[in-house]
């Protein structure tokens, strides 16, 4: 008898989860946090605050990747962006003296840039609302193949082998280029 | 399930915020960070479409975008350190020429 309520609540939770209420709530939470921290990146006075806020934004985006059923990409996102890129940014910020131009955040001639931004946002909104393909895609969502790392690795190493090798060459070139550029010139 | 258009709208919003950072800010470090934000919003779109089309190509392209972004950041920060050694300014309007 004691078991009946537990299975009932379990079934209720499953129904709620299948209905998507929980997923929607998590999406709204992560998306809201991502947009807020992105705004902080743009308006913060101190570049260190921008960097930390960008880190928060990347973690939210990684959570959204998990929501989209691609945990491998979420882990890569945390490793590469939060672990490597942001540490590089913070290292450079702290190595350089950034307190000189703290007092002026924005450029003087902001009006043309604002016009461009408004046009950009309106265009993307119009495309999103006017497109008939996107609602059709959401209605007929494809099979959930995305969760499997095995499938992803098979795709990466079978169909996209040449781009993968090119990407490794690009990484090597960037490594050598960064070292050569940052090296102090002798003589 | 969250509809695809919500993800695309989020990607568009983050892209516009990142573009605002690139166009409006004066500090070159914040400009680079906003650039990262724009690339990440493109990644959201890639993975959302990959999920809804049931095609893994989108995830593979997101991996390539992440790779190229890591390269870009490394080279950009190296250039920045070199420029700062010569010019000692972080403002984008001051760094108009690459020749030291």
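The values are calculated or read from the model by the stated rules, or taken from the named source; none is laboratory data. Just so it is clear, the model here is predicted, and its values are computed rather than measured. Quick reminder, even Gly has a Cβ in these numbers, built from the backbone with ideal geometry, and neighbours come from all protein chains shown.
Residue B:90: surrounded by 18 or more Cβ atoms within 10 Å (Cβ to Cβ), at the interface with chain A (Cβ under 7 Å from one of its Cβ atoms) and modelled with pLDDT under 90, yes or no?
In short, yes.
Can you find even one residue in segment B:5-25 that is in contact with a helix residue (DSSP H, G or I) (Cβ under 8 Å, 6 or more places away or on another chain), part of a helix (DSSP H, G or I), within 7 Å of another protein chain (Cβ to nearest Cβ) and under 20 Å from residue A:175 (Cα atoms)?
No, segment B:5-25 has no match at all.
For segment A:152-179, which positions are farther than 16 Å from residue B:61 by Cβ, exposed (fewer than 13 other Cβ atoms within 10 Å of the Cβ) and in contact with a helix residue (DSSP H, G or I) (Cβ under 8 Å, 6 or more places away or on another chain)?
Residues satisfying the conditions are A:173, A:179.
Testing residue A:46 on (1) more than 23 Å from residue B:57 (Cβ to Cβ); (2) surrounded by 17 or more Cβ atoms within 10 Å (Cβ to Cβ), one condition comes back false. Which one is that?
Failed condition: (2).
Please determine whether any residue of segment B:34-57 is over 25 Å from residue A:70 (Cα atoms) and in contact with a helix residue (DSSP H, G or I) (Cβ under 8 Å, 6 or more places away or on another chain). Don't jump to the end; show me each part of the working.
Looking only at segment B:34-57, we keep the residues that are over 25 Å from residue A:70 (Cα atoms), and these are none.
No, because not a single residue in segment B:34-57 is over 25 Å from residue A:70 (Cα atoms) and in contact with a helix residue (DSSP H, G or I) (Cβ under 8 Å, 6 or more places away or on another chain).
Please verify whether residue A:141 is at pLDDT below 75 and under 24 Å from the mean Cα position of the chain (by Cα), treating the condition exactly as stated.
Yes, satisfied.
Quick check: is even one residue across segment B:58-69 in contact with a helix residue (DSSP H, G or I) (Cβ under 8 Å, 6 or more places away or on another chain), modelled with pLDDT of 85 or more, surrounded by fewer than 21 Cβ atoms within 10 Å (Cβ to Cβ) and within 19 Å of residue A:134 (Cβ to Cβ)?
Within segment B:58-69, one or more residues are in contact with a helix residue (DSSP H, G or I) (Cβ under 8 Å, 6 or more places away or on another chain), modelled with pLDDT of 85 or more, surrounded by fewer than 21 Cβ atoms within 10 Å (Cβ to Cβ) and within 19 Å of residue A:134 (Cβ to Cβ).
Out of A:92, A:56, A:40, A:116, I need the residue that is surrounded by 15 or more Cβ atoms within 10 Å (Cβ to Cβ), without any contact (Cβ under 8 Å) to a residue 60 or more places away in the chain, part of a helix (DSSP H, G or I) and facing chain B (nearest Cβ under 7 Å). Which one? Let's see the steps before the verdict.
Details: A:56 fails: facing chain B (nearest Cβ under 7 Å); A:40 fails: facing chain B (nearest Cβ under 7 Å); A:116 fails: surrounded by 15 or more Cβ atoms within 10 Å (Cβ to Cβ).
So the residue among A:92, A:56, A:40, A:116 that is surrounded by 15 or more Cβ atoms within 10 Å (Cβ to Cβ), without any contact (Cβ under 8 Å) to a residue 60 or more places away in the chain, part of a helix (DSSP H, G or I) and facing chain B (nearest Cβ under 7 Å) is A:92.
Out of all the residues in segment B:31-43, is one or more over 11 Å from the mean Cα position of the chain (by Cα), in a helix (DSSP H, G or I) and either within 7 Å of chain A (Cβ to nearest Cβ) or buried (at least 22 other Cβ atoms within 10 Å of the Cβ) (or both)?
no
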